[in-house]
Amino acid sequence: MKKGYKIILFITIFLLSLSSVLADNISPVYEKEKGKKIFDIEKHLSSGNKYLLEGKIKEAFREFHRVIYFSPHNSIAHYNLGLIYIMQKNQRLALESFQRAKKCDPAGLNLSLQLGNVYLSMGNFTESQNEYERILNLFPHNREANKGLALIYMNTGDYRKAMEKCELLLTFSPDDIELHYTKGQIYGRAGDNESAIKEFNYIIDKKPDFIEAYLYLGEIGLNKNDRELAFSSFNKVIELSPENEEGYFGLGRVYIAENKYNEAIKEFEEGLKYDPHNVGVYLSLGLLYDSLAFSDKAIACYIKAREVEPKNLQAIEYLGFAYYKLGCFEEAITIFKEGLQLDPENINFHDLLGQIYYTQKKSNEAIIEFNKVIELDPTNIDVPFALGAIYQNRHQWEEAIEQYKKVLYLDPGNKSVLFCLGISYLNTGNFSQAEEKLRDFLKTYPTNSYAYINLGLINMYQKKYDSAVEEFDNALSINPFQGIIYYYTGLIYREMGMKSEAKKYFSQSLSYSPYRSGYTYCIKALWFLDNNNYTGALREINFARNIEPDFADVYWIEGLIFEQIGDWRRAHYFYSRALTISPFHRFAIEGLERINLTWNRILKLKR
């Protein structure tokens, strides 16, 4: 039975070794025998068939190739080579051989049957149906062709027609086990699990060693969460055929459903002993190791999957993401770029590359990748959010607003984006919009202290100090241990000339900030400044800048220090720097106004 997770693998090592044998042994024989007047084709065809029946694939392969060498249009040799390729699960080469045979013998019905089967296994239902119908035009009750059509109808979702074909065949062969198996498959695909179970149990009663029935019962058990049915069915497969990898893989999936990951790993590893080239199992095993935080083992599984199937996009994604989570960014970038060479429009690869570049603070590269995601999927909500954050970090507030508006347009119920919009509007000086968005945000998240902090800043920047203190108090009622709230409240009291009150809030801010942050050094710098200790103030503000280089207050206070020293050029520079980060920083604006006023007075005196 074919299963969703099983991947048909090509036996390339075997074919390469076989090609080597042919190169070393067959060619000389050809040249030697070419000199003979008669080459006994029938003899070599007979030998090839004999070897094929005995399971001597290499010998059979050689005999049929000999025939084709001397008789390139021999349909039987091409046909038999196709059978060998089917045995080796190499559908592509099987198809090519059958197509060559058909050119040699266009009327061959056996060829049509084999071509129909190969096309069916490759998912080419149109060509498969054409071949089966060609047979049925001459032999309407042909079992294999009707059965093939039933499978096509099943795979294309026409379960009624599929069942009609199956029932028609069963009228001629009511005890045909394989037809009952097909009927069970149709019930299963149609979602009628109880009827499917009934069919498979009928098969088991008639033929207790019919492994495919147990495998399908195991699948049904997994699908309907009947773990007992799944467990007993897959165990029966192993009992009947200890080297059947499907039984172990099925048991592994049962254990995953029960969250027994270690047991699942054991079953998968046991199954891989008998099918060491199953990409799907390596990926599942990697995910299991990942969930258990065994990153190295997970990566080893993904690498193995890529060795088996280098162009498997899922293996590439899992491997790249595993490196990303470990912080191995360059390795992850390399993997995802390899993936994009195979699939240039893979949204996941572009998205993950964007996330990596964002983490690395390579904003230009991140923007390119995220814009590609939007180009491929204009309805993506997460990427405009990420782009908004990038532009916000770059203080490109208008661009940030544009991206956040996209999020709101695509997802009107997304309330978290209102906070980001509020911050962005605040930094463009659109205080009314900023307040509106933040208050809308608070309707959904009423206990978010940061929204109240920013409402306080809106009022502070407009010199509405009483309202600002009120908003900061609201924030403190939610989180009384948030040091930055005391810091901003202290700034307001300092600006109002209430230095003792300011000192009280600054002290509380420091007591709630055991780990130094930018604003704690700003407080110390202000204390030194108020005591005319400019060296101490500059030392503390340098500490603040090293910790938080994007904190506007750092540059405002540095401007304040140089203003009091009398170095107006530097003061002007630092006030301006503060405004590049926070364009409507009230205290920095007032500092610049004072500097400009002083310069104007000096210019007038010089005149």
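The values are calculated or read from the model by the stated rules, or taken from the named source; none is laboratory data. In this text the structure is predicted, and so the values were computed from the model without any measurement. Cβ: placed from backbone, ideal geometry, glycine included. Neighbour counts: every protein chain shown.
In segment 560-597, which residue that is among the basic types (Lys, Arg) and within 26 Å of THR428 (Cβ to Cβ) is modelled with the highest pLDDT?
ARG577
Of the residues in segment 409-453, how many are of a type in the set (Gly, Ala, Ser) and under 34 Å from the mean Cα position of the chain (by Cα)?
5
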(request) Run down GLU245, GLU239, GLU269 and say which single residue is touching an Asp or Glu at 6+ places or on another chain (Cβ under 7 Å), surrounded by fewer than 23 Cβ atoms within 10 Å (Cβ to Cβ) and without any contact (Cβ under 8 Å) to a residue 60 or more places away in the chain. (result) GLU245
(request) Having 2 or more residues that are more than 35 Å from the chain's Cα centre (by Cα) and of a type in the set (A, V, I, L, M, F, W, C) is the bar; report the helices (runs of 4 or more DSSP H) wholly within segment 158-245 that clear it. (result) 159-172, 177-190, 193-206
(request) Give the number of residues within segment 60-74 that are part of a helix (DSSP H, G or I), surrounded by fewer than 20 Cβ atoms within 10 Å (Cβ to Cβ) and not hydrophobic (A, V, I, L, M, F, W, C). (result) 2
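Listed residues MET122, MET87; which is among the aliphatic types (A, V, I, L, M), under 38 Å from the mean Cα position of the chain (by Cα) and within 25 Å of LEU53 (Cβ to Cβ)?
Numbers: MET122 fails: within 25 Å of LEU53 (Cβ to Cβ).
Among MET122, MET87, only MET87 is among the aliphatic types (A, V, I, L, M), under 38 Å from the mean Cα position of the chain (by Cα) and within 25 Å of LEU53 (Cβ to Cβ).
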(message) Which pairs turn up if I take residues in segment 37-59 that are farther than 15 Å from TYR69 by Cβ and surrounded by 11 or more Cβ atoms within 10 Å (Cβ to Cβ) and look for partners that are of a type in the set (Phe, Trp, Tyr) and modelled with pLDDT of 85 or more with beta carbon separation below 8 Å, at least 6 apart in sequence or on another chain?
(response) ILE57/TYR51; GLU59/TYR51
(request) Mind listing whichever residues of segment 470-521 are surrounded by fewer than 18 Cβ atoms within 10 Å (Cβ to Cβ), outside any loop (DSSP other than H, G, I, E, B) and of a type in the set (Lys, Arg)? (result) LYS499, LYS503, LYS504
(message) I need the full set of residues from segment 118-134 which are assigned to a helix (DSSP H, G or I) and over 18 Å from SER75 (Cα atoms), in order please.
(response) TYR119, LEU120, SER121, PHE125, THR126, GLU127, SER128, GLN129, ASN130, TYR132, GLU133, ARG134
(request) Just need a number here: residues in segment 283-303 that are over 17 Å from TYR255 (Cβ atoms) and buried (at least 19 other Cβ atoms within 10 Å of the Cβ). (result) 3
(request) Could you list all residues from segment 197-232 that are surrounded by 23 or more Cβ atoms within 10 Å (Cβ to Cβ) and among the small types (Gly, Ala, Ser)? (result) ALA213, GLY218, GLY221, ALA230
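Tell me which residues, restricted to segment 455-469, are touching a residue at least 40 places away in the same chain (Cβ under 8 Å) and either crowded, with 23+ Cβ neighbours inside 10 Å or not aromatic (Phe, Trp, Tyr) (or both).
MET460, GLN462, LYS463
Conditions (1) among the β-branched types (Val, Ile, Thr); (2) surrounded by fewer than 21 Cβ atoms within 10 Å (Cβ to Cβ); (3) over 23 Å from the mean Cα position of the chain (by Cα), marked per residue:
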{"position": "LYS362", "(1), (2), (3)": "no, yes, no"}
{"position": "GLU365", "(1), (2), (3)": "no, yes, no"}
{"position": "PHE370", "(1), (2), (3)": "no, no, no"}
{"position": "VAL373", "(1), (2), (3)": "yes, no, no"}
{"position": "THR379", "(1), (2), (3)": "yes, yes, no"}
{"position": "ASP382", "(1), (2), (3)": "no, yes, no"}
{"position": "LEU387", "(1), (2), (3)": "no, no, no"}
{"position": "ASN393", "(1), (2), (3)": "no, yes, yes"}
{"position": "VAL407", "(1), (2), (3)": "yes, no, no"}
